[in-house]
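A short worksheet on the structure shown next.
The values are calculated or read from the model by the stated rules, or taken from the named source; none is laboratory data. If you're wondering where the values come from, they're calculated on a predicted model, not measured in any experiment. For neighbour counting, all protein chains shown are included, and Cβ atoms are generated from backbone atoms with ideal geometry for every residue, glycine included. Accessible surface areas use protein heavy atoms only, side chains included; no ligands, DNA or RNA. Shrake-Rupley method; radii C 1.70, N 1.55, O 1.52, S 1.80 Å.
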Amino acid sequence: MVKIPVCSNNTLNKHIQIVHELAGNNLNKCEDCEKASKEEQDLKDHIRIVHEGKWVNCPECDKLFVSKST
């Protein structure tokens, strides 16, 4: 494995640690994308929001938001 230098970007560091350095160490992995998490509930939330959520656009700026209605 290629060692990636650690930078000050916390999100990038977390991604590198979870996806690349801890890969295969009993992580819960999303079947639809590369998301991985140590906590099962985090992965369930990810699937609910990203893959099962209904997205709505802001009529002013077209930014996407997850609808809380089911």
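Looking at region 20-55, which of the residues that are farther than 20 Å from VAL66 by Cα and in a helix (DSSP H, G or I) is modelled with the lowest pLDDT? The residue in question is GLU21. Taking first residues from region 37-59 that are on the phi < 0 side of the Ramachandran plot and partners that are assigned to a helix (DSSP H, G or I) and open to solvent by less than 100 Å² (accessible area, probe 1.4 Å), the Cβ contacts under 8 Å between residues at least 6 apart in sequence or on separate chains come to SER37/ILE18; SER37/LEU43; SER37/HIS46; LYS38/ILE18.
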